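The values are calculated or read from the model by the stated rules, or taken from the named source; none is laboratory data. Keep in mind that this is a model prediction, so the values were computed, not measured. Note that each Cβ is placed from the backbone with ideal geometry, even for glycine, and that neighbours are counted across all protein chains shown.
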């Protein structure tokens with residue numbers, strides 16, 4: 001059994017909408033403080049504002065990089081990540097270049113991951129690698145997991161929440177079984193209920209990305 005407090009500490013409370021304004025960010029951060037969530041997940045331009053709102057609370061600010069398509073060059077992703085970190089990001093969630101996966105160019109994916117992980121380690125922030133599993137075959141997911149097992153980001157993550165589908169129990173389990181204890185797994189995309197969150201955790205997820213964090217916590221009462 002997982003306690004309510006432990007569950008809250010596994011949730012990345014998320015608002016990545018293009019139309020999210022400062023009032024939305026304030027609401028997101030206030031809810032994160034209320035429930036003691038691990039992190040707020042926001043677009044990188046919101047980093048500085050959320051960092052100021054969450055100062056001295058112990059709750060991290062996570063910046064989404066290369067979001068949501070992952071179709072920027074490595075250099076652009078590195079610049080965006082470094083900029084977000086300079087404005088207070090404690091965690092970086094970046095989207096891989098899915099085109100290069102489809103081309104079978106795993107050397108590119110490995111180079112991208114190594115450079116992003118190196119930047120994050122140098123800056124002492126957490127690095128999460130978003131696969132966007134809805135576009136990937138089982139074999140492609142396994143190949144990416146094997147790269148991650150060697151490169152060692154802090155987390156690999158199922159989805160942006162903006163693809164054609166989100167996290168599935170099957171993909172979370174496959175990812176965890178492949179990376180083992182070397183890398184953690186974050187499940188995100190379409191997780192709206194306590195039941196779904198617990199199923200993902202049971203499958204091996206150690207973080208849950210969701211815009212419904214407060215709803216999930218209310219179910220715990």
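Give the range 203-221 a look and list any residue that's assigned to a helix (DSSP H, G or I), in contact with a helix residue (DSSP H, G or I) (Cβ under 8 Å, 6 or more places away or on another chain) and surrounded by fewer than 23 Cβ atoms within 10 Å (Cβ to Cβ), or say none.
Correct list: 203, 214, 217, 219.
Does residue 190 satisfy the criteria of being assigned to a loop (DSSP other than H, G, I, E, B), within 25 Å of residue 11 (Cβ to Cβ) and within 15 Å of the chain's Cα centre (by Cα)?
Yes, satisfied.
Of all residues in the range 15-33, which are outside any loop (DSSP other than H, G, I, E, B) and touching a residue at least 40 places away in the same chain (Cβ under 8 Å)?
The answer is 15, 31, 32.
Conditions: (1) at pLDDT 95 or above; (2) surrounded by fewer than 20 Cβ atoms within 10 Å (Cβ to Cβ). Residue 157 meets all but one. Number of the miss?
(2)
Of 95, 101, 117, 125, which residue is closer than 19 Å to residue 208 by Cβ and modelled with pLDDT of 95 or more?
The conditions single out 95.
Filter the range 1-14 down to the residues that are part of a loop (DSSP other than H, G, I, E, B) and out of contact with any helix residue (DSSP H, G or I) (no Cβ under 9 Å at 6 or more places or on another chain), then identify the one that is nearest to residue 94 (Cα to Cα).
9
Looking at the range 34-60, which of the residues that are part of a loop (DSSP other than H, G, I, E, B) and loosely packed, with under 14 Cβ neighbours inside 10 Å is nearest to the chain's Cα centre (by Cα)?
The selected residue is 58.
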